[in-house]
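Trainee: Sharing a structure below in structure tokens format, with a few things to ask.
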Amino acid sequence: MAIELAGITYRYAGASRASLGPLDLSVAPGRVLGVAGANESGKTTLCLVTAGLAPAVVGGKLEGSVRVDGADAAGLKPHELAQRCGMLFQNPSTQLSGTTATVFEETAFGPANLGLALEDVLERTWWALRAVGIEGLAPRDPARLSGGQSQLVALAGVLALRPRYLILDEPTSELDPAGTALVADALVRVARETGAGILLVEHKTEVLARIAAEMVVLARGRAALSGPATEVLGDPRLAELGVEAPARMRLERELRAAGVEWTAALDEALA
Amino acid sequence: MSDFDRSNDSGRPTGTAVSPADPPSGPAAPGRFPDVPSIELDGVTFEYPDGTRALDGVSLRIEPGEVVAIVGQNGSGKSTLVKHLNGLLRPASGRVLLGGRDIRDAHVAGLAGRVGLAFQNPDRQLFAGRVSAEVEFGPRNLGLRGAELQRAVAAALEAVGLAGEAAANPYDLGYSRRKLLAIASVLAMRTPVLVFDEPTTGQDARGVACVRSVVAGAVAEGRTVIAISHDMRFVAECFGRVVAMRAGRVVLDGSPSEVFAESHWSELRATYLEPPIAAVVGARLGLGSTPTASGLIAAARAALDGRPAAPGPADSGPNR
């Protein structure tokens, strides 16, 4: 049981070279796999391929295989795929339906379209709204939210589908620090309680340090670094791959580089 | 409630980035950008049609050449506030003044030449089929033509590292580069006031460095820069003044050293913000308010030498 990418290469329609691959990767149930990398290193493309949207929806050419719990993703119908892999797009306005009058209806849109019983739809909708801390926005117009609020609504809409795998493309990019911490904790809870496997693309390495067990750093569509998140985040090659180490680690390095005399008090202050 | 409504006078920063107010209509000093207006919001209130009160009596004065970060919880009114600066939104009550003049009757087209605003979501801004055409649109509408126009476009693309993409379709660029393109299309208009709504989101380390150099370049020219950000390190290191908002009101206003001082942490956390890690470490070590790494290093060295800390370069406001 997992999403398995084996020998993947993907090229967008009309592109002269592949945006992704060759690459092998696996998203396991109940775990968070972190993905980082420079701009245009293939992170969003990896999301589209893993969620089965590329090439099925966006075209292009895929080589290698994407298997979701053993089934070839290419053979799954869109509604089957949607229940297995929920994808959160980077830009919430790409995600929101634009057809609903309230945040509650927007969040209920997915589960309602799965044909569930009404009480199940309601239960999932409230659960998802609470998970990301926006039950207070339920009566609001989705078109009249701030950027960060829209991002939380988009995430709630995906969570409400209760997919077996979550593919999240920078879910915290527009969020304030407390919102970021809330989403990070919610993802850990979702992984633990529903057993969902999560592929999480993040520039905020603090978030990856906090919740990802394993991580991959992409460069030109390939895995330049991979392994346990703590090891990858401490790798000296991280900076040249366009990825900043977590704030605490960076500050410690800057202090040491500046020759600030190291003391137990400093160690404690950084802890 | 003493920290509320510090916006008008008491929280004025004294940092180096804050230039003395040149008279907006006076002759430009050498190396100074011409006609940079002061900005004043006077009791501005705004409600969206669904009844959400996004701004609740905001009063704020920004001098020419100031570099101001606006921080605060999601939905606290930051984007709504900056959309008042170029007339995209109009206050329900209160006034917005540019260079001392109420902009009530000014058209958005007229304000566009003075206040450039890069949206949070680049896809609300970009529309052209070529990167160069996208960047040309603004300055062309301001009357630039020929070589002057081409220079403005080239300089703007260069500033955001997109010089090699002039012929590309904006939608062939990834999200992070579309955001940089939206910034370039505002830079090309050479407005005396620049407003960026979350310029660093979705950027990798190089993208953030690029945004930092755009801000530094504009500040060096004497332009006013206002940016909304959740990136507290970027805020502490690049801005002379920090305005924190909560529920449509200004709750803190001062230099990074003042706003990120330990005495304000509970207020910051109430608006869903965290002080920068350098500030936390400095406070734990009893070194005073050190929101930047360089400030922390200076304070730590001074403490070891038994001298009082000199302020760091990006936060020269009074340390506590």
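Trainee: Indicate the residues belonging to segment A:113-151 that lose 50 Å² or more of solvent-accessible heavy-atom surface (probe 1.4 Å) upon moving from the chain alone to the assembly of all protein chains, ignoring ligands and nucleic acids.
Mentor: Listed in order, they are A:144.
Trainee: For Cα pairs less than 8 Å apart in space and 6+ apart in sequence, what is the mean separation divided by the residue count of segment B:66-147, i.e. the relative contact order in percent?
Mentor: 18 percent
Trainee: Now for a different question. Assign unit charges at the C-beta atoms only (+1 for Lys and Arg, -1 for Asp and Glu), then state the dipole size of segment B:171-278 relative to its Cα centre in Debye, rounded to the nearest 20.
Mentor: In total the dipole reaches around 320 debye.
Trainee: Considering only the other residues whose Cβ falls under 13 Å of the Cβ of residue B:213, what net charge follows from Lys and Arg at +1 and Asp and Glu at -1?
Mentor: In short, -1.
Trainee: Counting Lys +1, Arg +1, Asp -1, Glu -1, what net charge surrounds residue A:54 among other residues with beta carbon under 11 Å of its beta carbon?
Mentor: +2
Trainee: How large is ³J(HN,Hα) for each residue in segment B:89-106, as worked out from phi by the Karplus curve 6.51 cos²θ - 1.76 cosθ + 1.60 (θ = phi - 60°), to whole Hz, x for Gly and Pro?
Mentor: Result, rounded to whole Hz: 10, 10, x, 6, 8, x, 10, 10, 10, 10, x, x, 10, 4, 8, 3, 9, 7.
Trainee: Also, I was wondering about something else. If you line up the long axis of helix B:131-141 against the longest principal axis of chain B, both from Cα atoms, how many degrees apart are they, to the nearest 10?
Mentor: Value to nearest ten degrees: 90.
Trainee: Let me check I've understood the local charge: for residue B:130, count other residues with C-beta under 12 angstrom from its C-beta, Lys and Arg +1, Asp and Glu -1. What total comes out?
Mentor: Around residue B:130, the charge tally is -4.
Trainee: Something else now. Rounded to the nearest 100 Å², what's the accessible area chains A and B bury against each other, both chains counted, probe 1.4 Å?
Mentor: 3400 Å²
Trainee: May I have the pair-distance distribution P(r) for segment A:145-271, computed from all Cα-Cα distances with 10 Å bins from 0 and rounded to whole percent?
Mentor: Bins of 10 Å from zero give 11, 37, 33, 16, 4, 0 percent of pairs.
Trainee: Separate question: What is the projected area of the convex hull of the Cα atoms of segment B:117-190, averaged over all directions, in nm²?
Mentor: Reported value for the Cα convex hull: 4.3 nm².
Trainee: Ok, one more. If you average the C-alpha positions of segment B:101-160 and of segment A:1-56 separately, how far apart do those two centres end up, in angstrom?
Mentor: 36 Å
Trainee: What part of the accessible area of the protein assembly as shown, given as a whole %, is carbon or sulfur when the probe is 1.4 angstrom?
Mentor: Percent of accessible area from carbon and sulfur atoms in the protein assembly as shown: 52.
Trainee: Calculate the dipole size of segment B:117-190 relative to its Cα centre from +1 charges on Lys and Arg beta carbons and -1 charges on Asp and Glu beta carbons; express the result in debye to the nearest 20.
Mentor: The calculation lands at about 140 debye.
Trainee: Moving on to the next point. So what is the calculated 222 nm ellipticity per residue for chain A, using -39500 (n - 2.57) for each DSSP H run with n of 4 or more, over all residues, to the nearest 500 deg cm²/dmol?
Mentor: Value at 222 nm, helices only, nearest 500: -11000 deg cm²/dmol.
Trainee: Only counting protein heavy atoms at a 1.4 Å probe, give the residues of segment A:174-214, ordered by number, whose accessible area falls by 10 Å² or more when the other protein chains are present relative to the chain alone.
Mentor: A:174, A:175, A:176, A:177, A:178, A:203
Trainee: Here is a follow-up. Among B:256, B:34, B:49, which one moves the most in a GNM of chain B with springs linking Cα atoms closer than 10 Å?
Mentor: B:49
Trainee: Another one. Kirkwood Rh over alpha-carbon pairs of the protein assembly as shown, then Stokes-Einstein at 20 °C and 1.002 mPa s: what D in µm² s⁻¹, rounded to an integer?
Mentor: Diffusion coefficient, whole number: 86 µm²/s.
Trainee: Here's another thing I want to ask about it. Lys/Arg Cβ at +1, Asp/Glu Cβ at -1, dipole of chain A taken about the Cα centre: which of A:104, A:225, A:50 is farthest positive-ward?
Mentor: Ranked along the dipole, the leading option is A:50.
Trainee: Okay, moving on. Can you give me the relative contact order of segment B:45-185 as a percent, contacts being Cα pairs under 8 Å and 6 or more apart?
Mentor: The normalised contact order for segment B:45-185 reaches 19 percent.
Trainee: Shifting gears a bit: If you roll a 1.4 Å probe over the heavy atoms of the protein chains, what accessible area per residue do you get for the protein assembly as shown, in Å²?
Mentor: 40 Å²
Trainee: Follow-up. Taking the Cα centre as origin and putting +1 on Lys and Arg beta-carbons and -1 on Asp and Glu beta-carbons, what dipole magnitude results for chain B, to the nearest 20 debye?
Mentor: It works out to roughly 260 debye.
Trainee: Follow-up question, since we're still on this one. Work out which residues of segment B:193-207 lose at minimum 40 square angstrom of accessible surface when the other protein chains are put back, relative to the chain isolated, with a 1.4 angstrom probe, and list them by number.
Mentor: Listed by number, the residues meeting the 40 Å² cut-off are B:202, B:204, B:205, B:206.
The values are calculated or read from the model by the stated rules, or taken from the named source; none is laboratory data. Predicted model, so just to flag it, every value in this text is computed and none were measured. So basically every Cβ, Gly included, is an ideal-geometry build from the backbone, and we count neighbours across all protein chains shown. Note: areas computed on protein heavy atoms with side chains; ligands, DNA, RNA excluded. Shrake-Rupley method; radii C 1.70, N 1.55, O 1.52, S 1.80 Å.
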